[in-house]
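Structure record follows, encoded as structure tokens.
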Amino acid sequence: MGTVSVTSSGKQCQAWSSNTPHEPGDDITDDKFPDGSREAASNYCRSPGDSFAAGVWCYTMDPDVPYALCDVPMCSKSAAECMHVLTYDVCHRRLSFVDIEKNAL
């Protein structure tokens, strides 16, 4: 798993196991994380249970911004170390497929 913990706008990510400043939705449960639990996911950018088609995201530490997308490095590894991800724009229109490193998530 990757350890990106800052949004693309530069906001620090809130720990997934924390309820402050934002309370995660009831659907954000341990079984939705590739790490095995909310606690193990720390404050890293994730898409629990493929919850957001536009990419990986996190709750932010900014009380005025509940969540935001994260920048995850593009894949430059072998196919076995990459995964193919469909990207969308803010209107949820499909843009393209991109490869990202599996350990960046």
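Does Asp99 satisfy the condition of being modelled with pLDDT under 90, surrounded by fewer than 17 Cβ atoms within 10 Å (Cβ to Cβ), in contact with a strand residue (DSSP E or B) (Cβ under 6 Å, 6 or more places away or on another chain) and among the acidic types (Asp, Glu)?
Yes, satisfied.
From the list Val72, Val85, the lone residue that is at pLDDT below 85, under 15 Å from the mean Cα position of the chain (by Cα) and in a loop (DSSP other than H, G, I, E, B) is Val72. Can you pull out the residues in segment 7-31 that are within 13 Å of Val56 (Cα to Cα) and not hydrophobic (A, V, I, L, M, F, W, C)? Thr7, Ser8, listed by residue number.
The condition (being at positive phi, out of contact with any Leu (no Cβ under 7 Å at 6 or more places or on another chain) and in a loop (DSSP other than H, G, I, E, B)) is satisfied by just one residue among Gly10, Gly25: Gly10. Take the residues of segment 9-28 that are in contact with a strand residue (DSSP E or B) (Cβ under 7 Å, 6 or more places away or on another chain) and surrounded by fewer than 16 Cβ atoms within 10 Å (Cβ to Cβ): which is nearest to Asp71 (Cα to Cα)? If we take residues in segment 9-28 being in contact with a strand residue (DSSP E or B) (Cβ under 7 Å, 6 or more places away or on another chain) and surrounded by fewer than 16 Cβ atoms within 10 Å (Cβ to Cβ), then Ser9 is nearest to Asp71 (Cα to Cα).
If you go through segment 29-48 and keep only what is in a loop (DSSP other than H, G, I, E, B), crowded, with 18+ Cβ neighbours inside 10 Å and not basic (Lys, Arg), you end up with Phe33, Ala41, Asn43, Tyr44, Cys45, Ser47.
The values are calculated or read from the model by the stated rules, or taken from the named source; none is laboratory data. Please read these numbers as outputs of a predicted model, since none were measured by experiment. All Cβ positions, glycine included, derive from the backbone under ideal geometry; neighbour counts span all protein chains shown.
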